[in-house]
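Written below as structure tokens is the structure these notes are about.
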């Protein structure tokens with residue numbers, strides 16, 4: 001992958017990521033897709049400029065989001081957990097601290113994201129994908145990985161033959177430790193508001209772990225409901241304050 005670095009550096013230093021690539025996301029961070037000279041497709045994530053406190057923190061006390069993304073991707077690949085292949089990260093500093101940072105990985109042409117399972121319940125192989133996704137999440141937990149942003153948009157799904165492969169993205173927030181039963185179940189709580197999907201995931205997780213289905217479902221649905229209540233309460237407050245239309 002080192003052979004790509006000079007070309008990637010040119011893209012980054014040109015400050016023309018939008019013009020030279022296809023924009024995949026341009027909200028808080030800018031994510032663009034590029035085709036290199038040899039045909040390799042990559043994604044460049046340009047993180048927003050941090051506030052003053054974080055500029056200093058990311059220089060002296062904490063690893064930047066770009067560096068964490070790169071190192072976490074390496075750790076995931078070492079234990080066989082799907083994530084787009086990491087290529088490079090770059091940090092740029094000014095007199096205060098971190099100014100700009102970038103994370104670069106290979107592009108994966110996904111068939112779906114987990115969000116598609118939430119929004120299109122008539123999707124072909126819906127239940128099969130969901131059950132295989134539970135095995136994927138269980139493998140995370142068995143490898144002592146807590147993915148803190150385990151949410152609908154952060155898992156890419158690729159069909160390979162009769163099975164499905166899963167790839168985590170937006171991976172800068174992870175914790176590596178032995179997980180309790182409740183921590184494992186809570187890791188499912190942000191994925192869907194649909195009780196039937198929670199029931200299916202609980203059923204498969206119970207089969208994998210040997211835990212009683214009732215125990216798994218009761219806790220997973222309780223934590224899911226709690227998250228949904230908190231999420232929509234936050235949206236209501238933002239609307240009242242005029243921060244969200």
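At a Förster distance of 22 Å, what's the computed FRET efficiency of residue 233 paired with residue 53, Cβ-Cβ distance as r, to 0.05? Display every interim value, and only then the final one.
Details: r = 27 Å, r/R0 = 1.22.
Computed FRET efficiency for residue 233 and residue 53 comes out at 0.25.
Would you please classify the overall shape of the stretch 12-106 from the alpha carbon gyration tensor, given that a ≥ b ≥ c denote the square roots of the eigenvalues, rounded means a/c under 1.5, and beyond that prolate means a/b larger than b/c while oblate covers the rest? All intermediate terms of the calculation are to be shown ahead of the outcome.
Working: a/c = 2.20, a/b = 1.22, b/c = 1.80.
The shape class here is oblate.
Could I have the simple spin-label model distance between residue 111 and residue 160, label points 7 Å from Cα toward Cβ, reported in nm to one decimal?
So the label points at residue 111 and residue 160 sit 1.2 nm apart.
Give the calculated FRET efficiency between residue 23 and residue 214 to the nearest 0.05, with a Förster radius of 41 Å applied to their Cβ-Cβ distance. Working shown, then result.
Working: r = 46 Å, r/R0 = 1.13.
With a Förster radius of 41 Å, E is 0.30.
In whole Å, how far is the Cα centre of the stretch 9-70 from that of the stretch 128-165?
Between the Cα centre of the stretch 9-70 and that of the stretch 128-165, the gap is 25 Å.
For the stretch 189-219 and the stretch 86-126, what is the separation of their C-alpha centers, rounded to whole Å?
So the two Cα centres are separated by 27 Å.
No lab work stands behind these numbers, since they all come straight from the coordinates. Note that the coordinates shown come from a computational prediction; the quantities given were computed from them, not determined experimentally. Positions of Cβ are backbone-derived with ideal geometry, glycine not excepted, and every protein chain shown enters the neighbour counts.
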